[in-house]
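See below for the structure under consideration.
The values are calculated or read from the model by the stated rules, or taken from the named source; none is laboratory data. Quick caveat, the model's predicted, so the values are computed rather than measured. Don't worry about glycine lacking a Cβ; one is built from the backbone with ideal geometry, like all the others, and counts go over all protein chains shown. Ligands, DNA and RNA are stripped out before the accessible areas are found, and what is left, the full protein with its side chains, is counted by its heavy atoms. Shrake-Rupley method; radii C 1.70, N 1.55, O 1.52, S 1.80 Å.
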Amino acid sequence: MQDFNDNPHKRYNILTGEWVLVSPHRTKRPWQGKNEEPAKFSQESYDSECYLCPTNTRANGEVNPDYKKPYSFTNDFAALLKEVPEVDFTDGLLKAKSESGICKVICFSPNHALTLPVMKVEEITDVVQLWQKEFLLLGELEGINYVQIFENKGAVMGCSNPHPHGQIWAQRSIPGEISKKTERQKEFWQTHKKSLLGAYLDQELAMKERILIENDDFVALVPYWAVWPYETMIIPRRKVKDISELTTTEAYNFAEIIKKLTTKYDNVFKTSFPYSAGIHQAPTDGGSYEEWHMHMSFYPPLLRSSTVKKFMVGYEMFADPQRDITAEQAAQKIRSQSDEHYTTVL
């Protein structure tokens, strides 16, 4: 395979049909831009001022139960509302239509200080099982056609509360990213009668360049077309269209690979590594979606250190996504990190 590690080039994203510009020579430029505050780990297992800690009162006056395992509730400041007047507006080139849905918060642990990499695999398995439960409950509701599970970790990614938590937004329309990925996977399935991500995973496993972690049921890798500096993806070996299809063993192995990957992330810059992570899976509108292969992506912003992040501006906003380090360089950096969290050996 041609070595692109020194010269600018473009890479194709098989899931979206889009291209990313890669400029590895730019890593040599000096940095005099903004430096972020490095993320720190909380030392307190309980914070009386935290809206998400057990037994505390939230902003809307409701009191959290004394929960011992992952806990979910409807977001007090939801971006989507369940009951919305039906509106479909068109005036020449101006179009709008109402959108409805449900937004939920998922507290990963009652312990305010725990993030995924420092939780036990069994505790993360409880999170995965709650994701499965919520996906099924929300996806079966009338008017819910897609369920997006995600986590924003760290203040630099807009997280408004340091208590370990994620969110689920379930909505009537199918988001644009899902529509693009459905189209690309369907085209490949109809032509080859095989999963697009399954075929891609076979090629990556044969090459080994971008593989990070493997277990019996999942593989973590840096996608060939990655945009963010240390972007990664977790792919099930078995083609499952959504998280509800994971067996008990697969749920545990999913939790295990999430722990190992996020541990390596923290070890890269010896910080609580920020990211946005999300699970892409088939819509819940009643279609068969036999082409769909569930996957989880992590988009971390850090570029050079715990204080220097990648800004998606200028060319990225007006043309195509662009990255500096290659996927192979990023994979080597992540792969070389210990499986033991750096805080346990300090």
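Within the range 131-149, the set of residues being open to solvent by less than 30 Å² (accessible area, probe 1.4 Å), farther than 19 Å from Ser297 by Cα and assigned to a helix (DSSP H, G or I) comprises Glu134, Leu138, Gly139.
Evaluated against (1) in contact (Cβ under 8 Å) with a residue 60 or more places away in the chain; (2) more than 30 Å from Gln329 (Cα to Cα), Ser179 falls short on exactly one condition, (1).
Here is the figure for the range 26-47: residues that are modelled with pLDDT of 70 or more and surrounded by 12 or more Cβ atoms within 10 Å (Cβ to Cβ) total 4. Within the range 284-295, does at least one residue satisfy the condition of being out of contact with any Gly (no Cβ under 7 Å at 6 or more places or on another chain), part of a loop (DSSP other than H, G, I, E, B), acidic (Asp, Glu) and open to solvent by 30 Å² or more (accessible area, probe 1.4 Å)? Yes, because at least one residue in the range 284-295 is out of contact with any Gly (no Cβ under 7 Å at 6 or more places or on another chain), part of a loop (DSSP other than H, G, I, E, B), acidic (Asp, Glu) and open to solvent by 30 Å² or more (accessible area, probe 1.4 Å). The single condition among (1) open to solvent by 20 Å² or more (accessible area, probe 1.4 Å); (2) touching a Ser or Thr at 6+ places or on another chain (Cβ under 9 Å); (3) of a type in the set (Lys, Arg) that Lys153 does not meet is (1). Among the residues of the range 202-253 satisfying the criterion of being assigned to a helix (DSSP H, G or I) and open to solvent by less than 10 Å² (accessible area, probe 1.4 Å), which is nearest to Val121 (Cα to Cα)? Only one residue fits best here, namely Ala251.
In the range 48-64, which residue that is open to solvent by 60 Å² or more (accessible area, probe 1.4 Å) and assigned to a loop (DSSP other than H, G, I, E, B) is modelled with the lowest pLDDT? Checking each candidate, the answer is Asn60.
Regarding Ser305, is this residue at pLDDT 95 or above, surrounded by fewer than 23 Cβ atoms within 10 Å (Cβ to Cβ) and part of a loop (DSSP other than H, G, I, E, B)? No. When the range 134-155 is filtered for residues that are aliphatic (A, V, I, L, M) and either at positive phi or touching a strand residue (DSSP E or B) at 6+ places or on another chain (Cβ under 6 Å) (or both), the ones remaining, listed by number, are Leu138, Ile144, Val147, Ile149.
Looking only at the range 101-115, which residues are under 30 Å from Tyr146 (Cβ atoms), outside any strand (DSSP E or B) and of a type outside the set (Gly, Ala, Ser)? Within the range 101-115, Phe108, Pro110, Leu114, Thr115 qualify.
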